[in-house]
1. Nearest 10 degrees, 0 to 90: what angle lies between the long axis of helix B:166-181 and the longest principal axis of chain B (Cα atoms)?
2. Ranking A:Cys161, B:Cys52 by Cβ neighbours within 10 Å, fewest first, what do you get?
3. In the stretch B:1-95, what chymotrypsin sites (Phe, Trp or Tyr not before Pro) fall in a loop by DSSP, with at most 11 other Cβ atoms inside 10 Å?
4. Along the charge dipole of the stretch A:27-248, pointing to its positive end and built from +1/-1 on Cβ of Lys, Arg, Asp and Glu, which listed residue (A:Trp130, A:Gly115, A:Gln52) has its Cα farthest out?
5. Taking chain B as a Gaussian network, Cα atoms linked when under 10 Å apart, which of B:Gly43, B:Gly168, B:Gly23 shows the biggest mean-square fluctuation?
6. Can you sort B:Arg108, A:Arg76 so the residue with the fewest Cβ neighbours within 10 Å comes first?
7. Quick one: net charge of B:Leu147's neighbours, Cβ under 11 Å, K/R +1, D/E -1?
8. Mind checking which helices in chain A clear 20 Å along their axis (Cα) and have mean Kyte-Doolittle hydropathy of 0.5 or more, DSSP H runs only?
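Derivation of every value follows stated rules applied to the coordinates shown; laboratory data play no part. Source: prediction; values computed, not measured. Glycine also receives a Cβ, built like all others from the backbone with ideal geometry; neighbour counts cover every protein chain displayed.
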Amino acid sequence: MTNVTAVTGEPAALAGEEGRGPPAPASMLDAARLVLLRDLKLAFRRRGQLVQPLAFFAMVTTLFPLAVSPELSRLREVAPGVLWVAALLASLLALEFLFRDDAHDGTLEQYSLSGQPLTWLMLAKTVTHWLLTGAPLALMAPLAALSLGAPGASVPGIVICVAVGTVALSLIGSIGAALTLGIRRSGVLLALLTLPLSLPVLIFGARATELAIRGSAYGAPLELLAAMAILGITLAPLAAAAGVRISLE
Amino acid sequence: MAYEGLGAEDLHLWRGERHVLDGVAFTLPPGFCLHVAGANGSGKTTLLRAVCGLLYAETGRILWNGRDVSEDLPAFHSGLMYIGHEPPLKSDLSALENLRYWLGVRRRLTHSLLEGALQRVGASAWSDRPVRTLSAGQKRRVALAALSLALVPLWLLDEPTTNLDTAGQQLVGTLIEEQLARGGLVLAATHQELPVARERVKRLELAVD
């Protein structure tokens, strides 16, 4: 046992800490902040994954005028639909990565054994996912809309609609991503699971955007979108946490 | 039955047709280490995962200080650390960042605590390198640092000495003995002998179904 001291270095540092009694547990807010920071940091270390859905969105919305017709009046009519289908598919593309790496390296296991509510940590992860895909999409959407002939005055409306709608999409997607964790090549199944649930968001999102582009009041469909997002915030993390627990078995 | 420590009563768990855990029972008082032994496929990992609640046993219950843990799982979880075959580290983050995010979810940490724990396991020199550049033994050492930082009463360790050099294996022994000395409990599933004083170790032999 003589060389143990050489390896262990300074046990005094830890012994001193123990002297002060049990460690202070992390608050729920601290835990959520750390989950969020960790995912943001990881995303910026691996930018390829971050850019992929945004590049997809940009490609779809710029290819459309080439394929349909360069006439602005006609483009303006299809603009809301194009925007929302592209946004829906782009957010679906990013969903596969939401929990996959964490499931692989055992991070989800540690989250579920951390003593913190797993539901709360899932909400933190989903919020991060929205910050990394939904928020940039909301900022890119007006650019795409302008290139499709939408008037400049409609920009704030479009940003709000896409921002609120993608919150709902991220939350719905988190359920599907958690449920398909145990399955290899889960992409198609994930799409099949989440697309039907996402349809109301697509319908009301496109409607609100259409009204915003026309310059009329878009409050009513936007409020429905917001209602879906709030319903998602309250229920989706519960379902996602249950899905993760099942996949850990 | 007010009983200090960890206990398992009549655990049964099936995986499809295989009866992996067949009436496993043990009691472990504070300050003792349970060495879970058995051949490959005898259910050592399954037992560890069932005890910490990652797997649900069909029948039987886990007792922690005399109470069924399913009554309050979060409280039970905040008192245990489970480290599986692979240390749960993010390959794109450094050892220090990994520890901060992993343990920070459980307890408040300061930078000096993190540095101290990394120094303890001999990781100071490479604590800012991305984990993907580390060897399997080095990753194991980072996991040991996490273990000592958590300061929880119950450790569940799956093959804690794999990939470690002789000094590293002795470090595992020292850490376990310190944990036992402060009244903690350790469940370790391993094929090798644990580098821990024998009178502190109970043995549980699992048989292949």
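1. Around 60 degrees separate the two axes.
2. Ranked by crowding around the Cβ, least crowded first: B:Cys52, A:Cys161.
3. Details: sites: B:Tyr3, B:Trp14, B:Phe26, B:Phe32, B:Tyr56, B:Trp64, B:Phe76, B:Tyr82; in loops: B:Tyr3, B:Phe32, B:Tyr56.
The qualifying sites are B:Tyr56.
4. Working it through, the farthest residue towards the positive pole turns out to be A:Gln52.
5. Residue with maximal mean-square fluctuation among B:Gly43, B:Gly168, B:Gly23: B:Gly23.
6. Values: B:Arg108 13, A:Arg76 18.
Least crowded to most crowded, the residues run B:Arg108, A:Arg76.
7. Working: positive: B:Arg120, B:Arg140, B:Arg141; negative: B:Glu178.
Overall, the nearby charge balance is +2.
8. Details: long enough: A:28-45 (26 Å, 0.71); A:47-67 (30 Å, 1.09); A:72-95 (34 Å, 1.46); A:155-179 (36 Å, 2.18); A:187-214 (37 Å, 1.53); A:219-248 (42 Å, 1.62).
Those that clear 20 Å and a mean of 0.5 are A:28-45, A:47-67, A:72-95, A:155-179, A:187-214, A:219-248.
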